[in-house]
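In what follows, a structure is listed as structure tokens, so that the remarks can point back to it.
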Amino acid sequence: MEELVGGSLHWIVKHRIIGRQEILRFDDRPDGRIDIVCSDELVIVPAVPKRAHQGWRYLESEVTEDLDPSGIADLPPRLYSKLAALALV
């Protein structure tokens, strides 16, 4: 857990990374679960399309940058979904 503090929790909606929040700490709960405590600030990033993944371990440092030079993030969500269904993006 110590390795993750100071990193970011990325928010993914419909296969697009749309924002991130800094991880501040982890709190133990009485029921045995753990809360991830994040900063109040949500950094909005251009929607970056990503294929299905299984967790943070697959994200490269370039994903966390707030720039999308390809222009794919500028596509309307509906158009992007149709193109993705055809495997064109």
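The residue that is modelled with the highest pLDDT, among those in the range 38-71 that are among the small types (Gly, Ala, Ser) and closer than 25 Å to GLU3 by Cα, is SER39. Considering the range 1-43, the residues that are surrounded by 15 or more Cβ atoms within 10 Å (Cβ to Cβ) and of a type in the set (Gly, Ala, Ser) include one that is farthest from SER81 (Cα to Cα), namely SER8. Does the range 72-81 hold any residues that are exposed (fewer than 13 other Cβ atoms within 10 Å of the Cβ) and either at pLDDT 80 or above or among the polar types (S, T, N, Q) (or both), and which are they? Listed by number, the residues that qualify are PRO76, ARG78, LEU79.
The values are calculated or read from the model by the stated rules, or taken from the named source; none is laboratory data. These figures come from a predicted structure and were not determined experimentally. Cβ: placed from backbone, ideal geometry, glycine included. Neighbour counts: every protein chain shown.
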